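The structure appears below as C-alpha cells.
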Amino acid sequence: MCGITGKIFFSQEKNIEESEIKRMTDVIQHRGPDDEGFYINKNVGLGFRRLSIIDLNTGHQPLSNESGSKWIVFNGEIYNFWELRRELQQKGYFFKTKTDTEVILKLYEEYGVHCVDYLRGMFAFAIWDNDTQQIFCVRDRFGIKPFYYYSDKEKLVFASEIKAILKSKNVDKTLSTDGLDSYFTFGYITSDLSIYKEIKKLQPAHYLLLSFKNKVTLQIKRYWEICFQPDYSKTENQWSEEIESALSESVKLHMISDVPLGAFLSGGIDSSSVVTMMAKNSNQPIKTFSIGFKEQKYNELQYARQIATKYGCEHHEQIVDPESIDLLPKLVNAYDEPFADSSAIPTYYVSKLARKHVTVALSGDGGDELFAGYGIYKRLNDIYSNPLNFKSSLLNKLIWGNLHKIIPYNVRGKSATYFLSQNRKLVSAYSNVWPRAERKKLLLNHGIVNTSTGSESYKEDILNKGSYDFVTNMQNLDLKTYMVDSILTKVDRASMINSLEVRVPLLDHKFAELTFKIPSYLKLQKNDQKYILKQAMAPYLPPSILNHPKQGFGIPLEFWFKDDLKQYVNDTLLSANSHLGSYLNKSYVKDIILKNENGTKDFSTKIWPLLFFEEWLKQNV
C-alpha cells in the first residue's frame, strides 16, 4: 500500500520542480514509510511513497517500461497479478520485477485503457505515456483506494490525499458550498465533491484520461457498473455453496503477502466469516484484533473471543475510553476534510493495535451492502416496497421467481421506483445528519442549502434511476454513496495513518458480482437480514454469532457527551473563540447542546459533526 502524487503542466515550456513533488509526497509519508521515488521529465512529475508488501526488494516506484516511454505510480494490490503475469509472458513480455505494479504497466502496453478490465483488486494508479503525451488515471471498482485531482487551465495535480495537492503551488483553496452542504446532510462528502471547490474525487469504477499532444482534452469515463441481475433458478443450498466457495477463494487471494498479516474481528457476521475463511486457508494461527467499550451496549468483545477461540487465533484486544477524544486533531489532519463518522476513533485504535503485530489486515467491510444487512432496509421495505404486504417468503418467491420472469427487464421494479420517487425525501433522509429544513437553521449562509446541486438530490437521482426491487435499489444506493464515501474512506485514512494496509475480500468484484445475482428475498427474508450469508456460514459460525442483533461499530457518544465529555463539548463549541461561528448559527448549536444535556433528545450524532468541523476550521481556515 502506498501514496501517489503527480503534477503535469499542459505546456512543455513549463518545468516541474522535484522539490515541489517531494513536498507533496513528504506530507503523505505515513502511507508509505519504507521508500520514496520521483520521476521528473520537463512538464511531468510523479511522486511515490512505499509501504512494502509484495516483492520487498524490487518494488521501487515510479516504475518504467524497458524503453522508459511509460511510467507508473500505483497504490493498492492486484490479487490476480501472477495469473496475468503468466498470460503476458506467453505474449512475449519480459518482467524485471515480481511486482503487481509492473503487471499493470505491461497490461497497459497490451490493452491500453482497457487494461483495467483485467484487474482484480483495490487500486488507484496513474500511467504517464510519453509516446501519446497523455496520463491515464484509474480508481478501483468500489473506491477502496482514494484518488483526488485538481485541474485548471494550465495543469493537472493528483494525489492519494487532499493534503498532498494542497502542497502544490497555485492551487485554488476556495471552499465548496456543495461540499459543505453534503457534509451537514450526510456527515460525509459524496459524489465527486471535496471540501474544496476545485479539488475533485475520481469516483469509483472511473478513469481519467488527459491528453495534450495536439490540444488539451480531459475525459472521465466509467469502466464498470454495478449490475443486479437476479437468478431465480437456483436453490438456497446452491447459493449457499457458491457463496462459501467464492468467499473462500477471495479471502485466499487477499492473503497473498510477503509481510505479516492478520484481521479485524468485531464479532459480527462479516468479520467472523472472513476470519473463518482465513483459518480455512492457513496452517498458521490467524492474528486477530478487536476493540471494545466499557458500555455493554457497544461492546462485542465476547463474540469476537468466541470466534478467536473456535479457530485458535492469536487474539488481541483494546478498550476505548472517553479520553480517546484527544485523538480528534489527529483524525482531522488524517481525513483532510470534515468527516462525521465517529467510528473513525475505534477504527484508528484497532489499526494502531494491529500495526504492532502485522502490516496487512483483512476486514469484513461491504457485507451489509452486499447482503442487505442494515436494519433500515427492512423497515423501509415493509412500508414502501411491499404495498400489498406480502409477508410470506413463499408468496414472495412465487411473485418474483415466476411472474418476474415474464416482465420485461427494463420495467421490473418500477413499482418500487415509483414509491421511491413519491417518497424520496423520506427515503433519502434515513442517513441525514441535518435534513434540509434544519440545515437552513444551522447554516448562516442559507444559499449553501438553497443552491446546492448535491446532497439529497444526488442520492435521489441514484434511487430514481433504479430499475430493481426496493431492497436492491437501496443496496445500489449505499454501494455508491455511504460505503465508498463514509465506510471505505474511514478505514483507508484510519489505517494508513498507522501505515497499515487493510484489504476487503467481500468487495472483490468477482465475489460482489456473484451476490448481485442473488434475489433480494434471499438477502432479506422476513425479519432475517443477511439470510443467505448466514445459511452459507452456518457450518462455520456458532448460533450466537449468527443470531445476535447487529450492533455496528459505533462509539458511546450518547453517554460520553452527557458525562465525561460534557464540559469539553461546551468549551469547544460554545466558546467565544470557536471558529464555527463564522459559518453556523451558534444559538442553534447551543440549543442542540442544552437539549442533549437535559435529556430532551439524544443529539450526539449532531454534536460530533460539529466538533469535527470546529477542529477542521481550526486547522485549515
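The values are calculated or read from the model by the stated rules, or taken from the named source; none is laboratory data. Computed from a predicted model, the values in this text were never measured in an experiment. Note that each Cβ is placed from the backbone with ideal geometry, even for glycine, and that neighbours are counted across all protein chains shown.
Restricting attention to region 235-254, does a residue exist that is touching a strand residue (DSSP E or B) at 6+ places or on another chain (Cβ under 6 Å), farther than 30 Å from T572 by Cα and in the same structural domain as Y540 (by TED's automatic domain parsing)?
Filtering region 235-254 down to residues touching a strand residue (DSSP E or B) at 6+ places or on another chain (Cβ under 6 Å) leaves 254.
Among the residues that remain, those that are also farther than 30 Å from T572 by Cα are: 254.
If we keep only those that are in the same structural domain as Y540 (by TED's automatic domain parsing) as well, we get 254.
Checked against the condition, which is being touching a strand residue (DSSP E or B) at 6+ places or on another chain (Cβ under 6 Å), farther than 30 Å from T572 by Cα and in the same structural domain as Y540 (by TED's automatic domain parsing), region 235-254 yields at least one hit.
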TODO: Please find, within region 115-158, the residue that is surrounded by the fewest Cβ atoms within 10 Å (Cβ to Cβ) out of those that are free of Cβ contacts under 8 Å to residues at least 60 places away in the same chain and part of a helix (DSSP H, G or I).
DONE: Y118
Task: Residues satisfying the stated conditions in region 216-230, i.e. more than 15 Å from Q134 (Cα to Cα), assigned to a loop (DSSP other than H, G, I, E, B) and not aromatic (F, W, Y) - done: E225, I226, C227, Q229, P230
TODO: Kindly indicate which of K70, K14, K96, K91 is farther than 30 Å from N333 by Cα and touching a strand residue (DSSP E or B) at 6+ places or on another chain (Cβ under 6 Å).
DONE: K70
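Every residue, every condition in (1) assigned to a strand (DSSP E or B); (2) within 30 Å of H114 (Cα to Cα), yes or no:
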| residue | (1), (2) |
| --- | --- |
| D172 | no, no |
| D178 | no, no |
| Y183 | no, no |
| L208 | yes, yes |
| N214 | no, yes |
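Which residue out of V484, V433, V504 is at pLDDT 85 or above and farther than 23 Å from F516 by Cα?
Numbers: V484 fails: farther than 23 Å from F516 by Cα; V504 fails: farther than 23 Å from F516 by Cα.
So the residue among V484, V433, V504 that is at pLDDT 85 or above and farther than 23 Å from F516 by Cα is V433.
Restrict the check to region 83-93 and report whether at least one residue is aromatic (F, W, Y), free of Cβ contacts under 8 Å to residues at least 24 places away in the same chain and buried (at least 18 other Cβ atoms within 10 Å of the Cβ).
Kept after step one, since they are aromatic (F, W, Y), are these residues of region 83-93: 93.
Filter once more, so that each one left must be free of Cβ contacts under 8 Å to residues at least 24 places away in the same chain: 93.
When the remaining residues are screened for being buried (at least 18 other Cβ atoms within 10 Å of the Cβ), the result is 93.
Scanning region 83-93, I find at least one residue that is aromatic (F, W, Y), free of Cβ contacts under 8 Å to residues at least 24 places away in the same chain and buried (at least 18 other Cβ atoms within 10 Å of the Cβ), so the answer is yes.
Of the residues K167, K173, only one is farther than 19 Å from T481 by Cα, in contact with a Lys or Arg (Cβ under 8 Å, 6 or more places away or on another chain), of a type in the set (K, R) and at pLDDT 95 or above; which? If you could, list the steps in order and put the result at the bottom.
Values: K173 fails: in contact with a Lys or Arg (Cβ under 8 Å, 6 or more places away or on another chain).
Among K167, K173, only K167 is farther than 19 Å from T481 by Cα, in contact with a Lys or Arg (Cβ under 8 Å, 6 or more places away or on another chain), of a type in the set (K, R) and at pLDDT 95 or above.
Quick check, is Y39 modelled with pLDDT of 95 or more and farther than 30 Å from V216 by Cα?
Details: modelled with pLDDT of 95 or more: yes; farther than 30 Å from V216 by Cα: no.
When the stated conditions are applied, Y39 does not pass them.
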- [ ] For F264, indicate whether it is closer than 22 Å to N547 by Cα, crowded, with 24+ Cβ neighbours inside 10 Å and not polar (S, T, N, Q).
- [x] yes
Open item on the list: Being within 26 Å of the chain's Cα centre (by Cα) and either assigned to a loop (DSSP other than H, G, I, E, B) or aromatic (F, W, Y) (or both) is true for just one of P539, P549, P609. Which residue is that?
Closed with: P549
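This table checks each residue for (1) touching an Asp or Glu at 6+ places or on another chain (Cβ under 8 Å); (2) outside the structural domain of I291 (by TED's automatic domain parsing); (3) of a type in the set (S, T, N, Q); (4) part of a loop (DSSP other than H, G, I, E, B).
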{"position": "I532", "(1), (2), (3), (4)": "yes, no, no, no"}
{"position": "Q535", "(1), (2), (3), (4)": "yes, no, yes, no"}
{"position": "K562", "(1), (2), (3), (4)": "yes, yes, no, yes"}
{"position": "Y568", "(1), (2), (3), (4)": "no, yes, no, no"}
{"position": "Y588", "(1), (2), (3), (4)": "no, yes, no, no"}
{"position": "I593", "(1), (2), (3), (4)": "no, yes, no, no"}
{"position": "N596", "(1), (2), (3), (4)": "yes, yes, yes, no"}
{"position": "G599", "(1), (2), (3), (4)": "no, yes, no, yes"}
{"position": "D602", "(1), (2), (3), (4)": "yes, yes, no, yes"}
TODO: Check off (1) surrounded by 17 or more Cβ atoms within 10 Å (Cβ to Cβ); (2) under 21 Å from S495 (Cβ atoms); (3) touching a Lys or Arg at 6+ places or on another chain (Cβ under 9 Å) for S52 and give me the number that stays unchecked.
DONE: (3)
Task: Per-region count, region 115-172, residues farther than 18 Å from K14 by Cα and hydroxyl-bearing (S, T, Y) - done: 5
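When the residues of region 94-114 are narrowed to those that are among the aliphatic types (A, V, I, L, M) and farther than 20 Å from G47 by Cβ, which ends up surrounded by the most Cβ atoms within 10 Å (Cβ to Cβ)?
Here is the first cut: in region 94-114, the ones among the aliphatic types (A, V, I, L, M) are 103-105, 107, 113.
So of that shortlist, the ones also farther than 20 Å from G47 by Cβ come out as 103, 107, 113.
Details: V103: 26, L107: 24, V113: 16.
In this case the residue turns out to be V103.
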Task: Unique residue being among the hydrophobic types (A, V, I, L, M, F, W, C), assigned by TED's automatic domain parsing to the domain that holds A340 and surrounded by fewer than 21 Cβ atoms within 10 Å (Cβ to Cβ) when the list is L514, L500 - done: L514
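What strands (runs of 3 or more DSSP E), lying completely within region 15-106, carry at least 2 residues that are β-branched (V, I, T) and not assigned by TED's automatic domain parsing to the domain that holds A361? Show your work before the answer.
On the way: elements: 35-41, 44-50, 70-78.
The qualifying strands (runs of 3 or more DSSP E) are 70-78.
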